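**Q** Sending over a structure as structure tokens; questions will come in a sec.
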Amino acid sequence: AVILDGNRRWASLSGFRDPWAGHQAGADKLDDLLDWCARLGIEQVTVWALSNENLARPEHELGGLLDVVADKLEALAALHRDQSIRIRVVGRVDDLPEHLRRSIEAVEAATAQNEGVRLNIAVGYSGRDELVDASRALVRKLAAEGVSPASMPEHITGEALARNLYTAGDPDPDLIIRTSGEARLSGFLLWQGAHSELYFTDVYWPAFRELDFLRALRSYQQRHRRFGR
């Protein structure tokens, strides 16, 4: 899994006046990441493209950012329609603008039958919101099954909650990479990343190279995973 961070700072250092230029460069970089993963046999990738906090940015920047995300999703739909990448968008999609929701529906429908690399794109995502939504979904299912309020606590287990996460059915990430020098997860994959290895790099996402990716994988290979034991 990758937190795609540092787009605006990269744009500023590169001399661009509009922040969305960095977001566009970051969107283009996703194609490289997918190519690297496909060639290395990595079967599942989750990227954090847009957080709920991003939606609170100034209107002059937010509009460009949302357009970049929508255009990228539509480009992915066209590119991978007949290829082997299955794309799913996770997050509070219903809270997003209509034109972005249409792009999400298009890319998911176009790649739904593909069986190769599975790409999750987190848009309008917050790890805390995911846990809240999973809890609500589980309670609703229990109520629909006729479970009484007094008995519900016995049915709320880790396995039951996991089945209601946005990424239900997918394996947890072995490795989480964050670009841009920030050494925190900011709520990304709170549940799924409990035992993930973490890798932080100072490189801004648009400047992230295959060499940087391989360094992250080499760091992961040199670690001894204990899974809390």
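The values are calculated or read from the model by the stated rules, or taken from the named source; none is laboratory data. This one's a predicted model, so the numbers in the text were calculated from it and none came from an experiment. FYI the Cβ positions are ideal-geometry reconstructions off the backbone, even for glycines, and counts take in every protein chain you see. Note: accessible area is taken over every heavy atom of the protein model, side chains too, but ligands, DNA and RNA are not part of it. Shrake-Rupley method; radii C 1.70, N 1.55, O 1.52, S 1.80 Å.
**Q** Keeping every protein chain present and rolling a 1.4 Å probe, give me the accessible area per residue for the chain in Å². Please list the in-between numbers first.
**A** Details: 12120 Å² over 229 residues.
I get 53 Å² per residue for this part.
**Q** Where the centroid of each part is defined by its Cα atoms, how far is the stretch 155-229 from the stretch 47-79 in Å?
**A** Comparing the Cα centres of the stretch 155-229 and the stretch 47-79, I get a distance of 22 Å.
**Q** Using only the Cα atoms of the stretch 85-215, what semi-axes does the equivalent ellipsoid have when each is the square root of 5 times a gyration tensor eigenvalue? Give whole Å, largest first.
**A** Semi-axes (√(5λ), whole Å): 30, 20, 14.
**Q** Okay, next question. Would you kindly give the portion of the calculated P(r) for the stretch 110-180 that falls above 22 Å, as a percent of all Cα pairs?
**A** 38
**Q** Tell me the carbon and sulfur percent of the accessible area for the chain, rounded to whole percent, probe radius 1.4 Å.
**A** 49
**Q** While we're on this one: When a/c is below 1.5 the answer is rounded, else prolate if a/b is larger than b/c, else oblate, so apply that to the stretch 187-229 with a ≥ b ≥ c taken from the square roots of the Cα gyration tensor eigenvalues.
**A** oblate
**Q** For a Förster distance of 25 Å, can you work out the FRET efficiency between the beta-carbons of Glu182 and Glu61, rounded to the nearest 0.05?
**A** 0.85
**Q** Tell me which residues come under 5 Å, amide H to amide H, from Thr46 once H is placed; ignore anything under 5 positions away on its chain.
**A** Val2, Asn120
**Q** Radius of gyration and Dmax for the chain's Cα atoms, expressed in Å?
**A** Cα-based Rg and Dmax for the chain come out at 18.3, 61 Å.
**Q** Evaluated at 20 °C with a viscosity of 1.002 mPa s, what Stokes-Einstein diffusion coefficient in µm²/s does the stretch 59-141 have when Rh comes from the Kirkwood expression over alpha-carbon pairs?
**A** 156
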